[in-house]
């Protein structure tokens, strides 16, 4: 049996990868510091409060990471208008027929683990598949919730106009109690997402063998040769990879 | 009761008539400026306003409540304050404090409402039960809702005293059997000042009511209709134990060494970080102390639904829809565990179901490995 020929395709552009890893770092930092803020550990110290600022530092890191997370998200939204088709907002729009067909296909093959007699290579998504797209949409919605609730809790201690834009959230939801609760529960959704996301990346890399894991580092994925249009001039070194 | 006075005295005239001196009057004005959160240069303006403004009649209604607001008010900083505002000058009707009772009292109220239609200030203490036609709270044969709507119709402004009138407080806690309702949900077309707290600080109450009666307009309110001067900051942000919080020094139990040292009560469920009130700056009982200074965390009594956002002595909050004792972290940990287990099963199932495909690929890969030249 012949090995299939694959072509190297730039799927995730540099800004997308940059966004992804900054997002990973800030979410990890925000989750860890968030847990610390929610339930701080006992500090064994005999120092005077004057000489300590540990909890203040934890909160500072949380707020700083939150700002990075926020602006990073804005960068990604911008890139969804100027980036390639795998980065475009259209790739996250779950209402086209093509998307839904792919959604059910992924549910059948990858989630319910059924096998097809005659697999169609076109069913394998070059970028992310429709189920993944939907999960990213949910995550984006969660990021918005975290932004609104987080800045709402933060606004009162800040003089800057940006957090001040969110002062209406707390009164609307019925006070800081509720806002804090939502902020905390939404964090857990980020954790659940991360677990499933990492598993599925490994799953696809293992079953499809086209560089799912490494694609978020180098940006390249490998696509079956028969799916790539013939180009007139082919670079020698790239053609038979 | 001064309802029947044909000519309305100014505040100053009333105060002097009651036997207070000019000096007492100036003291009173200074207190009021301080309570309203105004600078000292405003004292003259308050004095002038009180000298020239005819007194405003005040009707103080009591519905579903415990009278802790009135109790707090009559203990506000200086006796002259409560004395002047409540007893001698303005109060035309208050179940708890008036000397009159029965039909005469009700008649006096009706007269005030008629005579000063559109001028009097209506103070409301307590929530209004709407369940079962409002039968849970009836005064003089009328339901609370009926009395309130009647009194509100001719009011210039309404002050909602305490968490009951502002948010519903304890009696509105789930499942709220009497359908206790805060007043802003019943009357929409009148300016309403919400002064939440269980009770609100006496000095705050004095400051708010004096602002309205002396200046004839509402103090600056925030988005929830609370006076900004008193509800603009969290208890946490003005708390004297805040340095311990920033240092990460927390009391773990109420009887440990850290608690004795006066460390932050955050881990003991202090709701100061979520509660907007002036407790930490104005304090209670003539500035003697406030809950946190006395070693007990804030329970957030001036926040909406504080009773349902418990427990009071833990940082965690209950998650609605789950078992009684579960909090977000417990639910989260269990869900994460189930999720991880599910994924492990999926991983095994994937390798079994897709084995042909996988074996083929491995075989091809190994063949290629053998055929590598160079």
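The values are calculated or read from the model by the stated rules, or taken from the named source; none is laboratory data. For clarity, every value in this text was computed on a predicted model and none was experimentally measured. Counting neighbours? That spans all protein chains shown, and the Cβs are built from the backbone with ideal geometry, glycine included.
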Of the residues in the range A:69-108, those that are surrounded by 12 or more Cβ atoms within 10 Å (Cβ to Cβ) and assigned to a loop (DSSP other than H, G, I, E, B) come to A:83, A:84, A:86, A:87, A:88, A:94
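Okay, residues lined up against (1) loosely packed, with under 15 Cβ neighbours inside 10 Å; (2) without any contact (Cβ under 8 Å) to a residue 60 or more places away in the chain; (3) closer than 12 Å to residue A:149 by Cβ; (4) more than 10 Å from every other protein chain (Cβ to nearest Cβ):
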{"position": "A:162", "(1), (2), (3), (4)": "yes, yes, no, yes"}
{"position": "A:166", "(1), (2), (3), (4)": "no, yes, yes, yes"}
{"position": "A:170", "(1), (2), (3), (4)": "no, yes, yes, no"}
{"position": "A:179", "(1), (2), (3), (4)": "no, yes, yes, no"}
{"position": "A:184", "(1), (2), (3), (4)": "no, no, yes, no"}
{"position": "A:196", "(1), (2), (3), (4)": "no, no, no, no"}
{"position": "A:201", "(1), (2), (3), (4)": "no, yes, no, yes"}
{"position": "A:205", "(1), (2), (3), (4)": "no, yes, no, yes"}
Only listed residue being within 12 Å of chain A (Cβ to nearest Cβ), within 13 Å of the chain's Cα centre (by Cα) and crowded, with 24+ Cβ neighbours inside 10 Å, chosen from B:200, B:196:
B:196
Is there a residue in the range B:264-272 that is over 27 Å from residue B:182 (Cβ atoms), surrounded by fewer than 16 Cβ atoms within 10 Å (Cβ to Cβ) and in contact with a helix residue (DSSP H, G or I) (Cβ under 6 Å, 6 or more places away or on another chain)?
no
Those residues that are facing another protein chain (nearest Cβ under 9 Å) and either modelled with pLDDT under 90 or not in a strand (DSSP E or B) (or both), I need them from the range B:261-272; list them, please.
B:263, B:266, B:267, B:271
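Results for (1) touching a helix residue (DSSP H, G or I) at 6+ places or on another chain (Cβ under 7 Å); (2) more than 9 Å from chain A (Cβ to nearest Cβ); (3) assigned to a strand (DSSP E or B), shown as yes or no for each residue.
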{"site": "B:217", "(1), (2), (3)": "no, yes, no"}
{"site": "B:224", "(1), (2), (3)": "yes, no, no"}
{"site": "B:237", "(1), (2), (3)": "no, no, no"}
{"site": "B:253", "(1), (2), (3)": "yes, yes, no"}
{"site": "B:259", "(1), (2), (3)": "no, yes, no"}
Residues of the range B:235-244 being in contact with a strand residue (DSSP E or B) (Cβ under 7 Å, 6 or more places away or on another chain) and closer than 24 Å to residue B:196 by Cβ, which ones?
B:241
Is it true that some residue in the range B:355-371 is crowded, with 17+ Cβ neighbours inside 10 Å and over 18 Å from the mean Cα position of the chain (by Cα)?
yes
Elements of type helices (runs of 4 or more DSSP H) in the range B:3-76, at least 1 residues being over 30 Å from residue B:172 (Cβ atoms) and in contact with a strand residue (DSSP E or B) (Cβ under 9 Å, 6 or more places away or on another chain)
B:11-17, B:43-52
Exactly one of these conditions fails for residue B:275: (1) within 14 Å of another protein chain (Cβ to nearest Cβ); (2) out of contact with any strand residue (DSSP E or B) (no Cβ under 8 Å at 6 or more places or on another chain); (3) under 20 Å from residue B:69 (Cβ atoms). Give me its number.
(2)
Can you confirm whether the range A:34-52 contains a residue that is buried (at least 17 other Cβ atoms within 10 Å of the Cβ), under 19 Å from the mean Cα position of the chain (by Cα) and either in a helix (DSSP H, G or I) or at the interface with another protein chain (Cβ under 7 Å from one of its Cβ atoms) (or both)?
yes
Selected residue [in contact (Cβ under 8 Å) with a residue 40 or more places away in the chain, surrounded by fewer than 17 Cβ atoms within 10 Å (Cβ to Cβ), at positive phi and in the same structural domain as residue B:159 (by TED's automatic domain parsing)] from B:53, B:67:
B:67
So is residue B:248 within 11 Å of another protein chain (Cβ to nearest Cβ) and surrounded by fewer than 22 Cβ atoms within 10 Å (Cβ to Cβ) or not?
no
Counting only residues that are under 24 Å from the mean Cα position of the chain (by Cα) and part of a loop (DSSP other than H, G, I, E, B), the range A:109-125 contains a total of 3
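Residues are listed down the side, and each one gets a yes or a no for (1) within 12 Å of chain A (Cβ to nearest Cβ); (2) at pLDDT 90 or above; (3) surrounded by 14 or more Cβ atoms within 10 Å (Cβ to Cβ); (4) in a loop (DSSP other than H, G, I, E, B):
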{"position": "B:280", "(1), (2), (3), (4)": "no, yes, yes, no"}
{"position": "B:293", "(1), (2), (3), (4)": "no, yes, yes, yes"}
{"position": "B:320", "(1), (2), (3), (4)": "yes, no, no, yes"}
{"position": "B:330", "(1), (2), (3), (4)": "yes, no, yes, no"}
Take residues that are surrounded by 14 or more Cβ atoms within 10 Å (Cβ to Cβ) and without any contact (Cβ under 8 Å) to a residue 60 or more places away in the chain and tell me which of the helices (runs of 4 or more DSSP H) falling wholly in the range B:93-182 contain 3 or more.
B:102-115, B:144-153
Could you list, in sequence order, the residues of the range A:149-160 that are within 10 Å of chain B (Cβ to nearest Cβ) and more than 30 Å from residue B:336 (Cβ to Cβ)?
A:156, A:157
